[in-house]
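Report on the structure given below.
The values are calculated or read from the model by the stated rules, or taken from the named source; none is laboratory data. In this text the structure is predicted, and so the values were computed from the model without any measurement. Counting neighbours? That spans all protein chains shown, and the Cβs are built from the backbone with ideal geometry, glycine included. For the accessible areas, the whole protein counts, side chains as well, though only heavy atoms, and no ligand, DNA or RNA atoms are used. Shrake-Rupley method; radii C 1.70, N 1.55, O 1.52, S 1.80 Å.
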Amino acid sequence: MSRKILVIVSEHGYWAEELIGPVSKFDERGYEVIFATPTGKRAHALPPSLDANYIDPPLGRSVTTEENARLGREFEQSSRLDSPLDIEAWVPERPYTSEAGYLPKLEQYHRDLDKLDADVAGYDAILIVGGSGPIADLANNERVHALILAFRKAGKVVAAECYGVACLAFARDWGDRRSIIWGKHVTGHCKEYDYKDGTGFLGTDFNMGPPPYPLEYILRDATGPRGAYHGNFGKPVSVIVDFPFVTGRSTPDSYLTGQKIVEVLEDGLTRYGW
């Protein structure tokens with residue numbers, strides 16, 4: 001049976017392997033992959049992720065093989081990211097309480113969410129691709145949260161990598177305001193992997209020191225006392241499956257993240273890595 005995957009990519013830079021890893025696994029299975037970005041602009045890879053000679057500061061070595069650098073450049077030069085879905089045009093945004101006619105606007109917002117539920121029914125999974133870009137335009141993007149909530153409500157697979165996992169931590173129902181990963185097991189970019197300087201983004205001259213928040217701490221708090229964050233620092237890979245969530249820690253986990261998404265969809269995998 002053919003599968004359909006929604007892959008959300010930042011307009012401020014994705015890490016190449018964290019896109020080509022999972023997407024290559026989807027392509028192998030013949031899945032239909034639909035890309036989406038916050039405003040419908042074409043996404044681009046972060047330059048260091050296309051350079052096998054770039055030395056990752058926390059690890060003191062390259063994290064990109066010559067093969068993945070080549071595959072990343074080929075993907076970047078292809079047309080696959082040329083016409084992504086425009087999330088801003090697709091997904092409604094909750095109105096301010098101060099807006100005139102707030103109540104009818106809020107009612108319309110919920111009608112539009114019902115339409116989104118119908119759209120999501122045609123997909124099997126959602127994946128948030130990692131890199132530093134998601135910090136800027138995905139992590140606290142209310143429309144992205146609405147998509148994630150719709151996929152979870154429909155019982156679909158919800159996956160994220162690296163800094164993209166922040167989207168899961170911040171996706172919350174407006175009623176109880178509790179993260180959807182409360183009580184779940186996840187991984188994501190651990191503190192030891194965070195840059196101390198030079199966190200960069202595309203499409204802006206803003207280049208900062210460390211990330212604006214340590215994702216590990218966010219995830220530890222968001223999972224609560226009955227869930228857990230698994231950094232697995234010192235281990236080569238860290239991918240966690242706690243259905244419906246599939247999370248990958250960072251770059252080396254990209255292909256395995258894609259493989260585990262396939263196994264959840266094809267084999268009914270519900271738990272892995274913890």
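I need a count of the residues in the range 243-274 that are of a type outside the set (Asp, Glu) and either out of contact with any strand residue (DSSP E or B) (no Cβ under 9 Å at 6 or more places or on another chain) or closer than 24 Å to Gly72 by Cα (or both).
Residues meeting the conditions: 17.
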In the range 171-200, residue most open to solvent (accessible area, probe 1.4 Å) [restricted to those that are without any contact (Cβ under 8 Å) to a residue 60 or more places away in the chain and of a type in the set (Gly, Ala, Ser)]: Gly175
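Over 22 Å from Val33 (Cβ atoms) and either in a helix (DSSP H, G or I) or touching a strand residue (DSSP E or B) at 6+ places or on another chain (Cβ under 8 Å) (or both): does that describe Pro236?
On the way: over 22 Å from Val33 (Cβ atoms): yes; either in a helix (DSSP H, G or I) or touching a strand residue (DSSP E or B) at 6+ places or on another chain (Cβ under 8 Å) (or both): no.
No: the conditions fail for Pro236.
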Which of the numbered conditions does Leu168 fail, given that it passes all the others? Conditions: (1) under 21 Å from Leu19 (Cβ atoms); (2) open to solvent by 50 Å² or more (accessible area, probe 1.4 Å). (2)
Within the range 1-39, how many residues turn out to be farther than 12 Å from Asp137 by Cα and open to solvent by 10 Å² or more (accessible area, probe 1.4 Å)? 18
Output the residues belonging to the range 252-272 that are surrounded by 24 or more Cβ atoms within 10 Å (Cβ to Cβ) and closer than 13 Å to Trp15 by Cβ. Asp253, Ser254, Thr257
